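Student: Provided herewith is a single structure, encoded as structure tokens, for subsequent inquiry.
The values are calculated or read from the model by the stated rules, or taken from the named source; none is laboratory data. Fair warning: this is a prediction, and the values are worked out from it, not measured in the lab. Backbone-built Cβ (ideal geometry, glycine too); neighbour counts: all protein chains shown.
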Amino acid sequence: MAKTIIIGACGQIGTELVLELRKKFGNENVIAADLKDECPAVLENGPYQKMDILDREFVREYIITNEIKVVYLLAALLSATAEKNPDFAWKLNMEGLFTILDLAKEKHIDKIFWPSSIAVFGPTTPRENTPQYTVMEPSTVYGISKQAGERWCEYYFNKFGVDVRSIRYPGLISYTSLPGGGTTDYAVDIFYQAKLNKTFSCFLKEDTALPMMFMEDAIRGTIELMEAPKENIKIRSAYNLSGCSFTPKELSEEIKRHIPAFEITYNPDFRQAIADSWPMSIDDSNARKDWGWKEKYNTEKVVATMIEHVDVKLLSN
Ligand code: NAD
Ligand code: AKB
């Protein structure tokens, strides 16, 4: 069994991806790696390695010595945090990717998953049903790093045959761990505040539609993409992927059906400009055609599942 590592394993996606991959491939074969000194309790069912993706020599040595063949590289600064520290965001989001692409170019690694984002699109992109191939002029440092990353992934595939696969994730909604500094984080935070205080102050305007996806769909899609036969993967930059799409007002109305006393207020901040530059909905027909993608969660089902499972104790961890 080829060993797999998830770098950036303690984040919103990593936590759930590690657990799902361990179910599939066995706990011992899936290594969680992150900056954190200690393994979080939820990931204690398998190996954990403290790792800084920016320590290129350590990462190379660890992956080569442990004969790790599959890498999921999740460590990154997300859109809102990246705007506050653009130099470091560019460094983190790009250097780690080169370390992993180079290991694959040298044939130490067989397969890479590296996530892109809807942030690769920009204000000049058609915002409704955004096509796979269209104008892409991202206006955030995060979007620029993701677009550059996509170009490098495709380049390493074309030039060196590196088997790298990627998805342009929309905003991801989950309850196992908290989101890490993105513009779509409001769509997770709202559930905690709805349960705790029955009120939520939203940092986006009421009519700001964004593409979103429930984490279970995102993890399933990621694993399906990684398991698809190589010849089916026609896109080596990153696939558009769609789940559902809603505005803060629509989300709050759906929450009100479960918690009638819930109230939302709108206090837009710097993240409004980021959201305004992103698509409202996504055309993912290439993913459907090439490797059979289909989402399971619409907005109604996302809300019902979040209301059922969100545990406000997570806020104090
Ligand atoms: P997150 O911020 O929740 O988690 C990132 C993890 O990386 C954290 O646990 C952090 O400790 C770790 N990390 C940071 N710097 C590191 C370093 N130098 N070395 C090792 N680990 C480091 O992020 P996430 O939401 O899980 O996103 C993972 C990836 O998916 C990112 O590349 C992100 O751009 C992409 N993505 C996420 C979403 C989303 O909605 N969550 C949407 C689109 C794309
Ligand atoms: C963010 O808001 O930065 C992320 C993303 C869509 O990439 N959730």
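Student: Go through (1) part of a loop (DSSP other than H, G, I, E, B); (2) more than 16 Å from residue 235 (Cβ to Cβ); (3) without any contact (Cβ under 8 Å) to a residue 40 or more places away in the chain and name the single condition residue 125 misses.
Tutor: Of everything listed in (1) part of a loop (DSSP other than H, G, I, E, B); (2) more than 16 Å from residue 235 (Cβ to Cβ); (3) without any contact (Cβ under 8 Å) to a residue 40 or more places away in the chain, residue 125 misses just condition (3).
Student: Now, a different point. For region 199-306, which helices (runs of 4 or more DSSP H) that fit wholly inside it have 1 or more residues that are in contact with a Lys or Arg (Cβ under 7 Å, 6 or more places away or on another chain)?
Tutor: Counting at least 1 such residues, we get 215-227, 271-276, 285-291.
Student: Does region 1-56 hold any residues that are in a strand (DSSP E or B) and closer than 28 Å to residue 168 by Cβ, and which are they?
Tutor: Restricting attention to region 1-56, the residues satisfying the condition of being in a strand (DSSP E or B) are 3-7, 30-34, 48-50.
Scanning region 1-56 gives 3, 4, 5, 6, 7, 30, 31, 32, 33, 34.
Student: Based on this model, can you work out whether residue 69 counts as under 18 Å from residue 153 (Cα atoms) and either surrounded by fewer than 15 Cβ atoms within 10 Å (Cβ to Cβ) or among the polar types (S, T, N, Q) (or both)?
Tutor: Against the criterion (under 18 Å from residue 153 (Cα atoms) and either surrounded by fewer than 15 Cβ atoms within 10 Å (Cβ to Cβ) or among the polar types (S, T, N, Q) (or both)), residue 69 does not qualify.
Student: Follow-up. Return yes when residue 121 is outside the structural domain of residue 305 (by TED's automatic domain parsing), at pLDDT 95 or above, over 30 Å from residue 312 (Cβ atoms) and buried (at least 23 other Cβ atoms within 10 Å of the Cβ) and no when it is not.
Tutor: In short, yes.
Student: May I pose another question? Among the numbered conditions (1) of a type in the set (Val, Ile, Thr); (2) more than 27 Å from residue 204 (Cα to Cα); (3) not assigned by TED's automatic domain parsing to the domain that holds residue 19, tell me where residue 164 comes up short.
Tutor: Failing condition for residue 164: (3).
Student: Please count how many residues of region 281-301 are over 30 Å from residue 229 (Cα atoms) and touching a strand residue (DSSP E or B) at 6+ places or on another chain (Cβ under 6 Å).
Tutor: 1
Student: What number of residues within region 256-296 are within 18 Å of residue 185 (Cα to Cα), crowded, with 16+ Cβ neighbours inside 10 Å and either away from ligand 2 (no atom under 16 Å from the Cβ) or at pLDDT below 95 (or both)?
Tutor: Counting residues in region 256-296 that are within 18 Å of residue 185 (Cα to Cα), crowded, with 16+ Cβ neighbours inside 10 Å and either away from ligand 2 (no atom under 16 Å from the Cβ) or at pLDDT below 95 (or both) gives 2.
Student: Which is aliphatic (A, V, I, L, M), within 13 Å of ligand 1 (Cβ to nearest atom) and not assigned by TED's automatic domain parsing to the domain that holds residue 93, of 187, 194?
Tutor: Numbers: 194 fails: within 13 Å of ligand 1 (Cβ to nearest atom).
The conditions single out 187.
Student: Would you please name the residue that is nearest to residue 298 (Cα to Cα), looking only at residues in region 217-236 that are within 16 Å of ligand 2 (Cβ to nearest atom), of a type outside the set (S, T, N, Q) and in contact with a helix residue (DSSP H, G or I) (Cβ under 8 Å, 6 or more places away or on another chain)?
Tutor: Top of the filtered list is 218.
Student: While we're looking at this one, here's another question. Of the residues that make up region 227-234, is at least one in contact with a Ser or Thr (Cβ under 8 Å, 6 or more places away or on another chain) and at pLDDT 95 or above? First the steps, then the outcome.
Tutor: Going through region 227-234, the residues in contact with a Ser or Thr (Cβ under 8 Å, 6 or more places away or on another chain) turn out to be none.
Looking through region 227-234, none of the residues is in contact with a Ser or Thr (Cβ under 8 Å, 6 or more places away or on another chain) and at pLDDT 95 or above.
Student: Applying the selection to region 72-117, what residues are within 16 Å of ligand 2 (Cβ to nearest atom), in contact (Cβ under 8 Å) with a residue 40 or more places away in the chain and of a type in the set (D, E, K, R)?
Tutor: Once the filter is applied, which keeps residues that are within 16 Å of ligand 2 (Cβ to nearest atom), in contact (Cβ under 8 Å) with a residue 40 or more places away in the chain and of a type in the set (D, E, K, R), region 72-117 yields only 83.
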